[in-house]
1. Pick out the one residue from B:Val207, B:Val191 that is touching a His at 6+ places or on another chain (Cβ under 7 Å) and either within 16 Å of ligand 2 (Cβ to nearest atom) or away from chain A (no Cβ under 14 Å) (or both).
2. From the list B:Leu149, B:Leu99, which one is buried (at least 19 other Cβ atoms within 10 Å of the Cβ), within 13 Å of another protein chain (Cβ to nearest Cβ) and touching a strand residue (DSSP E or B) at 6+ places or on another chain (Cβ under 8 Å)?
3. Those residues that are surrounded by fewer than 20 Cβ atoms within 10 Å (Cβ to Cβ) and under 19 Å from B:Val110 (Cα atoms), I need them from the stretch B:152-180; list them, please.
4. Check the stretch A:206-219 and report whether any residue there is charged (D, E, K, R), more than 10 Å from every other protein chain (Cβ to nearest Cβ) and more than 27 Å from A:Gly153 (Cα to Cα).
5. Which condition number in (1) surrounded by fewer than 22 Cβ atoms within 10 Å (Cβ to Cβ); (2) under 12 Å from the mean Cα position of the chain (by Cα); (3) among the small types (Gly, Ala, Ser) is the one that A:Ala203 fails?
6. Starting from the stretch B:184-211, take each residue that is within 28 Å of B:Asp113 (Cα to Cα) and list its partners that are of a type in the set (Asp, Glu) and within 12 Å of ligand 1 (Cβ to nearest atom), counting only C-beta distances under 7 angstrom and pairs at least six apart or across chains.
7. With a cut-off of at least 1 residues that are at pLDDT 90 or above, name the helices (runs of 4 or more DSSP H) lying wholly within the stretch A:5-116.
8. If we scan the stretch A:171-180, do we find a residue that is aliphatic (A, V, I, L, M), within 14 Å of chain B (Cβ to nearest Cβ) and open to solvent by 30 Å² or more (accessible area, probe 1.4 Å)?
Amino acid sequence: MLMDFIVVGLSIGLVYGLVALGISLIFSGLDIVHFAHGEFFMFGAFFGLVLYGDFGISYPITLFLAMIITGIMGVVIERVFYRRLTSQGGGYTVAGMGMIICGFGMAIILQNVAFLIWGAEGHAMGVQFGMPIAVGDITLPRSYLWILIVSVGLMAALHVLLKHTKTGLAIRAVAADKDIAYLMGINVPLMISLIFGLACGLAAVGGVLIGPINYVQVEMGYLMLIKAFAAAVVGGFGSLPGAILGGLLVGVFETLCAAYISGSHKDIYAFLLLIFVLMVRPTGLMGHLAKVKA
Amino acid sequence: MLEIRGVETGYGKLKILRGIDMKVDAKGIVALLGGNGTGKSTLLKAISGILPVWSGEILFDGEPIHAKHPHQIVRAGLVQVTQGKDSYPGMTVEENLMLGAYARNDKAAVREDLDKVYAFFPILKERRKQLSGLLSGGQVQMLVIGRGLMAAPKMVMLDEPSAALAPLVVLDIFKQINRIRKELGMTILIVEQNVRMALLLASYGYVIHDGRIHIEGQAEDMIHDDKVRHAYLGGTVAEAENVR
Ligand SMILES: Nc1ncnc2c1ncn2[C@@H]1O[C@H](COP(=O)(O)OP(=O)(O)OP(=O)(O)O)[C@@H](O)[C@H]1O
Ligand SMILES: [Mg+2]
């Protein structure tokens, strides 16, 4: 039983990690905390619902398309609504503070758009994965297997992109210092679009992965946001490995507490963990590796 | 190669440059001198497109560049090495150098240029796998100059390469800058507070004061000019008299 819960916790944690990765990517790349990120997770899930349910596209292709569509949606929203503020500076500047409000506003707008299109009720994604598979004495529903494989695959791909390609080098350069990156001949505005799109695409994949397990509904975004936030902070805000580690910890901790203590307050455990970690290590677990922000 | 006509710019509403006129000829070294906060770095930022130019024009190779984006100006062959010795401390020496070549696609030539940079600054080769945050100040200065060269530019602008370095290190770096000019036929605009060293290296000099070009002339004439010292030190006429 315990092992089953841990595997479930790890899978959910990977999804938290995917969304937290995006939040951390945006934080290091654009110097902003993106409060509408949960809504991209939610939209990703809805796109998945439409693609899979209405168009009958296969699940893997649905994952891929939802990622691309949500990524493009993110790029457009960033370019049209955020860029004016972010180009004035992020962090603790006036523009940075404005960006926080702007993110909240965008979250509300996106929730309402989704509400107008899909209504308030939950939709089942109804993906037929087939029989759960047994590994040793753990029975693992295939939906969780998908989460494990796709998330780990994406994280590995992101690692390769960032550490072993020229584009990744440019992304890291833009995250570390935009003026210097410009002087390296890097098209900084384009890289910022890429970072934002990537982050939104990751969140969308999370949405399509969670869709078959939970209902797809409008509120799923902000619930995910607070978990992913907790994950990012636990891991050390801005640190990419930290986001994954934080996601896994939040997922496992929450699942175990829900199983052995009480399932009716599932959502508070993430914050108990958060408070505990911050008491012991105020920078988060891998916060020393994240870059220092002004 | 580079021609600046009546350039004005600043930060927010604060005007720093009040009409700068300058010329840098191909394959030479020109020194831009001036005291603290006189607008030298501001001018370089305007040239490389980091700061928008309010009025006036900047021509590089005959082409206007004052309305271009920084990355386009780099691709046109004009590279700035900034003042802060800002390498990317979280990246290795070699990653930093490869970033300099980001805009290029000619892999073989990039490798050749990497070897050239290592030939100018052998210590960088020795430490190429280390994080650049671990280098000494002089080594970081070598790294950022090398990173500038990796773009295979026609011209580089160096912002105070001697700042905060020990005299012997400065000497070594200036020697390499001179080698870079000779061996690569590089055009160089060097911003300096170390007036004597800069004028020994350069063939022509400009002194900027209060956002305007105050004095200009052949480097060898300027070395012996007390007006230069005076403008540079920012002292009063009486002090300049005392110096004499
Ligand atoms: N980002 C900025 N915002 C506002 N004012 C600035 C900014 N950067 C520089 N300044 C001001 O512009 C003026 C010129 O600065 P600049 O950096 O060009 O001087 P400098 O000649 O390079 O001096 P130094 O030799 O100390 O590097 C200074 O008065 C400085 O305070
Ligand atoms: Mg300066």
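1. Answer to the check: B:Val207.
2. Selected residue: B:Leu149, the only one of B:Leu149, B:Leu99 that is buried (at least 19 other Cβ atoms within 10 Å of the Cβ), within 13 Å of another protein chain (Cβ to nearest Cβ) and touching a strand residue (DSSP E or B) at 6+ places or on another chain (Cβ under 8 Å).
3. B:Ala152, B:Lys154
4. Within the stretch A:206-219, the first condition is being charged (D, E, K, R), and the residues that meet it are A:219.
Subset that is more than 10 Å from every other protein chain (Cβ to nearest Cβ): A:219.
Those left that are additionally more than 27 Å from A:Gly153 (Cα to Cα): A:219.
The answer is yes; a qualifying residue exists.
5. (1)
6. B:Val191/B:Asp159; B:Val191/B:Glu160; B:Glu192/B:Glu160; B:Ala198/B:Glu192
7. On the way: elements: A:37-49, A:59-77, A:83-86.
Per the criteria, A:37-49, A:59-77.
8. Keep residues of the stretch A:171-180 that are aliphatic (A, V, I, L, M), which gives A:171, A:173-176, A:180.
Okay, now just the ones that are also within 14 Å of chain B (Cβ to nearest Cβ), so A:171, A:173-176, A:180.
Then keep just the ones that are open to solvent by 30 Å² or more (accessible area, probe 1.4 Å); that gives A:176.
Yes: the stretch A:171-180 contains one or more residues that are aliphatic (A, V, I, L, M), within 14 Å of chain B (Cβ to nearest Cβ) and open to solvent by 30 Å² or more (accessible area, probe 1.4 Å).
The values are calculated or read from the model by the stated rules, or taken from the named source; none is laboratory data. Here the structure is a predicted model, which means the values were calculated and not measured. All Cβ positions, glycine included, derive from the backbone under ideal geometry; neighbour counts span all protein chains shown. Note: accessible area is taken over every heavy atom of the protein model, side chains too, but ligands, DNA and RNA are not part of it. Shrake-Rupley method; radii C 1.70, N 1.55, O 1.52, S 1.80 Å.
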